[in-house]
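Attaching a single structure in structure tokens format; questions to follow.
Here, each number is a calculation from the coordinates, and none is a lab measurement. Everything numeric here is computed off the predicted structure, so don't read it as measured data. With ideal geometry, Cβ positions are generated from the backbone for all residues, glycine too; neighbour counts draw on all protein chains shown.
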Amino acid sequence: MDIRKKFWLVSIATVLGLVLIACSCSSIIPTPTAAPQTGGQEPMPGLAGKWLDPDTSGTYHVIAWQNGEYVVTATTNPSRGGNEVTSSSWANGKLTWVYCVPNGACVTTVTVSVNGDNLDTTWTNDQGLSGSTTMTRMP
């Protein structure tokens, strides 16, 4: 076999071998991904706290950061007393909770954003009403 043909065959085989190695290695080389929330870092800083709903007669909501997620630990109206929260969930960057007023509506509230001492939310109730509310931080 001519030396030039051997050279080209070895060169082509080497390049193909390197391509195969590169392709197989791409599956074991880690690719950057978003870092998971760790170490207790809150994804919505300022959300935890006690929030007064100005559209009600004194109802406030207590939001806590627990076990890597936000939860509503209490919804209380001093004139009615008691915790009215029936569910709370943190998903896709939104906190959603439901509370039921004794002998009244059950209200589903969803966080929109926190702006300093203001918490923007949307709400719906089981009587077909809906709207938005800006709650204010309580001491």
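What are the aspartates and glutamates whose alpha-carbon lies under 14 Å from the alpha-carbon of Lys94, with same-chain residues fewer than 8 places away excluded?
Within the straight-line cut-off, Lys94 pairs with Glu42, Glu69, Asp120.
Subtracting the Cα-Cα distance from 0.36 nm times the residue separation, let me have the gained length for Asp117 to Leu52 in nm, one decimal.
22.4 nm
Once you have the Cα-Cα distance between Thr73 and Val101, take 0.36 nm times their residue separation minus that, and quote the gain in nm to one decimal.
This chain segment gains 8.5 nm when fully extended.
Ordered by packing density, taken as the mean number of other Cβ atoms within 10 Å over each peptide's residues, highest first, how do 92-102, 61-71 rank?
61-71, 92-102
Right, here's the next one. Run the simple label-point estimate for Thr14 and Arg80 please: 7 Å along Cα→C-beta, distance reported in nm.
Each label point lies 7 Å from its Cα, and together they span 8.0 nm.
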